[in-house]
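Structure first, commentary second.
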Amino acid sequence: MNIGTIALLITVVTLLGYCVLLYNGLVTLKHNVRRAWANIDVLLKQRHDELPKLVEICRQYMQHEHNTLVQVSNARAAVFGANQRHDVAAVGAGEGNLRRSLGQLYAVAEGYPELKADQQFKHLRDRITTLENTIADRREFYNESVTVNNIRIETFPDLVLARWFGFRSQAPLEFTAAETKDVDLRALFN
């Protein structure tokens, strides 16, 4: 074997090794995005299970607030349906509606002292608030995973392998400014 053949062989092995490293990195990023979404999915399901309990407790006290309870139930169903379809954009929109509906529910609950004092209501409200805060934290992690994934598959040389092996960009979980602003409690009572 001459030196030219050895150099060519070393170059080919080095390139193959480099391509393997790039591919494995892309696979890791893809699975990080899936894992991050799975973390959000678990929390959405937990909150999905808690909301009917909260609505039922409120229903016992608020016979005249049927519309508010229906809004919470409809928003819950919209988020659940979007999550089942794996439609990240619709989950984001549904989350905004659910957040507004819960804000209205909590505002209306202020007018029912017995409800505010109910231990189950307090527990569920606190549990749902904790879940929402955790969802917000996990959303941040998910969006960071999506960003890293999308940057890698759009930059050279990863771009070549990403296209060749069919790696796709992912959609971040976003909320509009209107969906993330604080609920105006005064407007709810006017």
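Structure above, values below:
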{"read-out": "Largest-first principal axis extents of the Cα set of the range 89-148 (Å)", "value": "49, 19, 11"}
{"read-out": "Centroid-to-centroid separation of the range 98-164 and the range 5-81 [C-alpha atoms, Å]", "value": "10"}
{"read-out": "Taking Thr14, Thr68 and counting other C-beta atoms within 10 Å, the order from fewest to most", "value": "Thr14, Thr68"}
{"read-out": "Distance (nanometres) between label positions extended 7 Å along Cα→Cβ at Thr5 and Arg85", "value": "6.2"}
{"read-out": "The range 12-189: relative contact order in percent, alpha carbon pairs under 8 Å with at least 6 residues between", "value": "33"}
{"read-out": "Label-point gap, in nm, between Ala136 and Ala171 - each point 7 angstrom along Cα→Cβ", "value": "2.3"}
{"read-out": "DSSP-loop trypsin sites (Lys or Arg not before Pro) across the range 67-118, with at most 14 other Cβ within 10 angstrom", "value": "Arg85"}
{"read-out": "Computed helical MRE - 222 nm, the chain, DSSP H runs ≥ 4 contributing -39500 (n - 2.57), nearest 500", "value": "-28500 deg cm²/dmol"}
{"read-out": "Which labelled figure in [x] 64, 41, 25; [y] 72, 30, 22; [z] 91, 28, 23 is Cα extents along the principal axes in Å, once derived from the coordinates", "value": "[z]"}
{"read-out": "Relative exposure of Cys58, Cys19, judged by other C-beta atoms within 10 Å (fewest first)", "value": "Cys19, Cys58"}
{"read-out": "Ile3, Ile57, Ile151 arranged by Cβ crowding within 10 Å, fewest neighbours leading", "value": "Ile3, Ile151, Ile57"}
{"read-out": "The chain: DSSP helices with Cα axial extent of at least 18 Å and average Kyte-Doolittle hydropathy no lower than 0.0", "value": "3-61, 88-109"}
{"read-out": "Per-pair calculated FRET efficiency, R0 = 35 Å: Val13 and Gln46 via Cβ, rounded to 0.05", "value": "0.10"}
{"read-out": "Built amide H within the under 5 Å cut-off of Gln170, gap 5+", "value": "Asn150"}
{"read-out": "Where labels lie 7 Å past Cα in the beta-carbon direction, separation of Phe156 and Asn74 in nm", "value": "5.2"}
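The numbers here are math on the coordinates, done by the rules we state, and not lab data. Treat the numbers as computed from the prediction; the structure is a model and nothing was measured. Quick reminder, even Gly has a Cβ in these numbers, built from the backbone with ideal geometry, and neighbours come from all protein chains shown.
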